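Colleague: Okay, handing you the structure first.
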Amino acid sequence: MIQAKGSHVKEPSRGRKWLKLFVLVSGLYLTWVLARGILDIRQAYRRVDESGKRLAEAQAKNEELKKKMAEVQTREYVERVARNELLMQKAGEMVVVLSQMETRSSQGSGEAKEEKELPNYLKWWNLIK
C-alpha cells in the first residue's frame, strides 16, 4: 500500500471484528426468538378460537337438553310415555294392542274392502270380539 508521508492507516482491530460478529450473532438470535414467540402467539390464538367454537356447541347442546328436560317433566309427557310405552291406562279405560301380523294380514286380504263398507261401530265390534 502506498501511504502518504505522515499519515498512518489503522487496520481494523481484532476486538472490533469480534464486536461486529457478536452483534450479528445476537441480532440473529433475537430475530429467531421473536419469530418463535410470534408463532407461539398465533398458535395460542388458534387454540382460543377452537375452544370458543367448542364452547358455543356445548352451550347449544346444553340449551337443547334443558328444553328436553323441561318437556320430560311435564304431566303430558309422563302420561304419553305411560300410555304408549308402558301400556298403562286410566281407571275405567281398556288398552287395545294390535299386533303387527294382524294389521298386515288384514291389509293384504279382501277383508280390507269389506271393512271400508262397514260402519265404524261394527268395525269396533269385530275388533273387540
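Colleague: Name every residue in region 70-86 that is part of a helix (DSSP H, G or I) and at pLDDT below 85, in order of residue number. Break it down stepwise before answering.
Modeller: Our first condition is that a residue be part of a helix (DSSP H, G or I); within region 70-86, this holds for 70-72, 75-84.
Across region 70-86, the qualifying residues are Arg83, Asn84.
Every residue, every condition in (1) touching a His at 6+ places or on another chain (Cβ under 8 Å); (2) assigned to a helix (DSSP H, G or I); (3) on the phi < 0 side of the Ramachandran plot; (4) at pLDDT 90 or above, yes or no:
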site	(1), (2), (3), (4)
Arg54	no, yes, yes, yes
Glu57	no, yes, yes, yes
Asn62	no, yes, yes, yes
Leu65	no, yes, yes, yes
Lys68	no, yes, yes, yes
Met88	no, no, yes, no
Glu93	no, no, yes, no
Ala112	no, yes, yes, no
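The values are calculated or read from the model by the stated rules, or taken from the named source; none is laboratory data. The structure displayed is predicted, hence computed values, not measured ones. Note that each Cβ is placed from the backbone with ideal geometry, even for glycine, and that neighbours are counted across all protein chains shown.
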